[in-house]
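To start, the structure itself, in structure tokens.
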Amino acid sequence: MSDKGGTPADDFPHGAGNPARNALRAAGYSRLAQLTTVTAAEMLALHGVGPKAVGVLRGALAAEGLAFAGE
């Protein structure tokens, strides 16, 4: 999803699915790096974020040398 300027609204991987990406944006997250401040369990508590999305996000974080809080 892009805003009018062509800049991505977020940098979450599309493999996480639209419901999860929408839930993350609704919770105030717009960048993958912000997810290092929350645990995977906190992510799973968001409506629309399931185990598959957490796995995809975990992999995307790892690719950047990052991880969920406590991992």
* To do: Take the range 50-66 and flag every residue that is touching a helix residue (DSSP H, G or I) at 6+ places or on another chain (Cβ under 9 Å) and within 16 Å of D11 (Cβ to Cβ).
  => A53, V56, L57, R58, G59, A60, L61, E64, L66
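Yes/no per residue for (1) in a helix (DSSP H, G or I); (2) out of contact with any Asp or Glu (no Cβ under 9 Å at 6 or more places or on another chain):
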{"site": "L24", "(1), (2)": "yes, no"}
{"site": "G48", "(1), (2)": "no, yes"}
{"site": "G55", "(1), (2)": "yes, yes"}
{"site": "L61", "(1), (2)": "yes, no"}
* Structure fact -> Going through the range 43-71 in order, the residues found to be in contact with a Pro (Cβ under 6 Å, 6 or more places away or on another chain) and open to solvent by less than 30 Å² (accessible area, probe 1.4 Å) are A60
* Asked: Which of the residues that make up the range 26-37 are closer than 16 Å to A9 by Cβ, part of a helix (DSSP H, G or I) and open to solvent by 50 Å² or more (accessible area, probe 1.4 Å)?
  -> A26, A33, Q34
* For A40, are the conditions met, namely being in contact with a Lys or Arg (Cβ under 9 Å, 6 or more places away or on another chain), hydrophobic (A, V, I, L, M, F, W, C) and surrounded by 11 or more Cβ atoms within 10 Å (Cβ to Cβ)? -> yes
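The values are calculated or read from the model by the stated rules, or taken from the named source; none is laboratory data. These numbers were taken from a predicted model, which means no experiment stands behind them. Every residue, glycine as well, gets a Cβ built from its backbone with ideal geometry; the counts of neighbours run over all protein chains shown. We work out accessible area using only protein heavy atoms, side chains counted, and drop any ligands, DNA or RNA first. Shrake-Rupley method; radii C 1.70, N 1.55, O 1.52, S 1.80 Å.
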